[in-house]
Structure formats: structure tokens, C-alpha cells
Amino acid sequence: MDAELMHFLPLLVFGNIENLILAAQGVAAHVNPLGLAILSFIAVTIWLLIGTFGTKVAMKYARYINFIGGLAIFILGVQAMLESIPGMLAFF
């Protein structure tokens with residue numbers, strides 16, 4: 001991996017984990033899997049284009065981008081857990 005891209009590695013790892021959480025939420029909400037897959041593919045393609053062409057510009061803001069991205073991932077993860085609590089309590 002390119003040395004200058006290593007600054008964004010934590011965001012890449014945790015972003016992929018968050019994508020799995022969001023996909024699991026979609027499945028739990030009985031969303032059409034084909035529609036979910038198509039929308040996920042579109043989102044990933046857009047982020048790939050943004051990452052490919054915007055990395056050079058964003059390098060000087062890497063610390064801020066990592067913080068904001070990590071905070072957003074954390075908030076979405078907490079939201080996913082809070083929304084799953086009623087479903088987990090229904091089993092008891």
C-alpha cells in the first residue's frame with residue numbers, strides 16, 4: 001500500500017465493518033436483497049471514485065477526515081445496536 005494512503009487505513013477498515021453492519025440492518029428490516037445489493041454497489045463505486053480522485057487533495061486533511069469518519073461510524077454502530085435491543089429482548 002502506498003505510504004501516503006496509510007493515513008486512511010483505519011477509516012478503510014472501520015468503514016468496511018460499518019458497511020457490514022448496515023447490510024445486516026437491511027436484512028433484519030426485510031429489505032429486498034437485490035435492491036440492497038444494487039444500492040450498495042452504487043455507493044461503493046461512488047466512494048471509489050471519490051477516493052481515487054480526491055486523495056491527493058485530502059491528504060492535508062487526513063487527521064480530520066479520519067476523526068469525522070470514525071465518529072460517524074461509531075454513531076451509526078451505536079444506533080444499530082440501540083435499534084436491535086427491542087428485537088433481542090423479544091426472545092426473552
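The values are calculated or read from the model by the stated rules, or taken from the named source; none is laboratory data. What you see is a predicted model; the values in this text were computed from it and never measured. A quick note on method: Cβ atoms are made from the backbone with ideal geometry, for glycine too, and the neighbour counts reach across all protein chains shown. Note: accessible area is taken over every heavy atom of the protein model, side chains too, but ligands, DNA and RNA are not part of it. Shrake-Rupley method; radii C 1.70, N 1.55, O 1.52, S 1.80 Å.
By its C-alpha gyration tensor, with a ≥ b ≥ c as the square roots of the eigenvalues, how is the chain shaped: rounded for a/c under 1.5, else prolate for a/b larger than b/c, else oblate?
oblate
Full extension from Val57 to Val27: what is 0.36 nm times the residue separation minus their Cα-Cα distance, to one decimal in nm?
This chain segment gains 7.2 nm when fully extended.
To the nearest 0.05, how large is the calculated FRET efficiency for Leu9 and Leu76 if R₀ is 25 Å and r is the Cβ-Cβ distance?
0.80
Of the accessible area of the chain, with the probe set at 1.4 angstrom, what percent is carbon plus sulfur? Provide the component values of the computation, followed by the final result.
Numbers: 5930 of 7460 Å².
Carbon-and-sulfur percentage of accessible area, whole number: 79.
Which residue fluctuates most in the GNM of the chain (Cα springs below 10 Å): Ile65, Ile38, Ile17?
Ile38
Could you work out the helix-only [θ] at 222 nm for the chain, with each DSSP H run of four or more residues adding -39,500 (n - 2.57) and the total divided by the number of residues, to the nearest 500 deg cm²/dmol?
My calculation for the chain gives -28500 deg cm²/dmol from helical runs alone.
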